[in-house]
1. How about the stretch 34-49: which of its residues are crowded, with 16+ Cβ neighbours inside 10 Å and part of a helix (DSSP H, G or I)?
2. Taking the stretch 88-131 as the region of interest, how many residues are part of a loop (DSSP other than H, G, I, E, B) and either among the aromatic types (Phe, Trp, Tyr) or farther than 30 Å from Ser76 by Cα (or both)?
3. Restricting the first residue to the stretch 88-99 and requiring it to be over 15 Å from Trp57 (Cβ atoms), which pairs with a second residue that is surrounded by 13 or more Cβ atoms within 10 Å (Cβ to Cβ) and of a type in the set (Phe, Trp, Tyr) meet a Cβ separation below 8 Å and a spacing of at least six or different chains?
4. Can you tell me which residue within the stretch 67-88, out of those that are surrounded by fewer than 17 Cβ atoms within 10 Å (Cβ to Cβ) and of a type in the set (S, T, N, Q), is farthest from Ile118 (Cα to Cα)?
5. Could you list all residues from the stretch 64-87 that are closer than 15 Å to Gly26 by Cα and in contact with a Leu (Cβ under 6 Å, 6 or more places away or on another chain)?
6. Tell me which residues, restricted to the stretch 62-77, are β-branched (Val, Ile, Thr) and either under 11 Å from the mean Cα position of the chain (by Cα) or on the phi > 0 side of the Ramachandran plot (or both).
7. With respect to Tyr107, determine if the residue is among the aromatic types (Phe, Trp, Tyr) and in contact (Cβ under 8 Å) with a residue 24 or more places away in the chain.
8. If you take the residues in the stretch 9-60 that are under 18 Å from the mean Cα position of the chain (by Cα) and of a type in the set (Ser, Thr, Tyr), which one is nearest to Pro79 (Cα to Cα)?
Amino acid sequence: MTFMDRISQGFEYLIVLASVVMLGWGLLGFLEYFTGLAPLMLLQNATFPVGMQTLHWILITASGATFLIGYFLRWSLTPIAMLVMFTALATMCAVQTFDMLESPDRYRNFVQECINYIVISIYLFRSNRMRNRFGRITVQGRDGPSPISV
């Protein structure tokens, strides 16, 4: 295994770990949201209206679950599903950053989060490791299936 293969494998495992954290964070957020119990720390943000808080936990939980299910089942549409999830998360984060959050680091955190989504998306679509795991992504056109050139 080459050095670059090891780096790619490490990044793959980092994405799996991040997805486990997202799923756990979302589930703990829902636990606190519905019961008031906060086993590790308070996760609710008082500046978010109820609807935003609900959407927040839905998207965080769904993104972690989507990647983990897709990864372990080798679902060929996992990269596309994650692109959709990242778009929804970035949109939600933009609304929270510009309309609700008050931290002086909020803009830097927003940019950093978006960069993470872009880097992971590029990796999911372009790395040989992910292509071997999920297969080549195809779309059905009038002339039959054709590979997506990404």
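1. Step one: list which residues in the stretch 34-49 are crowded, with 16+ Cβ neighbours inside 10 Å, which gives 43, 48.
Passing the criteria: none in range.
2. If we filter the stretch 88-131 for residues that are part of a loop (DSSP other than H, G, I, E, B), which is where we start, we get 100-105, 127.
Cutting the leftovers down to either among the aromatic types (Phe, Trp, Tyr) or farther than 30 Å from Ser76 by Cα (or both) gives us 100-105.
Qualifying residue count, the stretch 88-131: 6.
3. As it stands, the answer is Ala90/Tyr117; Ala94/Phe110; Thr97/Phe110, since those pairs meet every condition given.
4. Among those residues, the one meeting the criterion is Ser76.
5. Passing the criteria: Gly64, Ala65.
6. Selection gives Thr66 alone.
7. Details: among the aromatic types (Phe, Trp, Tyr): yes; in contact (Cβ under 8 Å) with a residue 24 or more places away in the chain: no.
No, not satisfied.
8. Ser19
Only the coordinates and a few stated rules stand behind these numbers; no lab work does. Please read these numbers as outputs of a predicted model, since none were measured by experiment. Cβ sites come from the backbone with ideal geometry, for glycine too, and all protein chains shown count toward neighbours.
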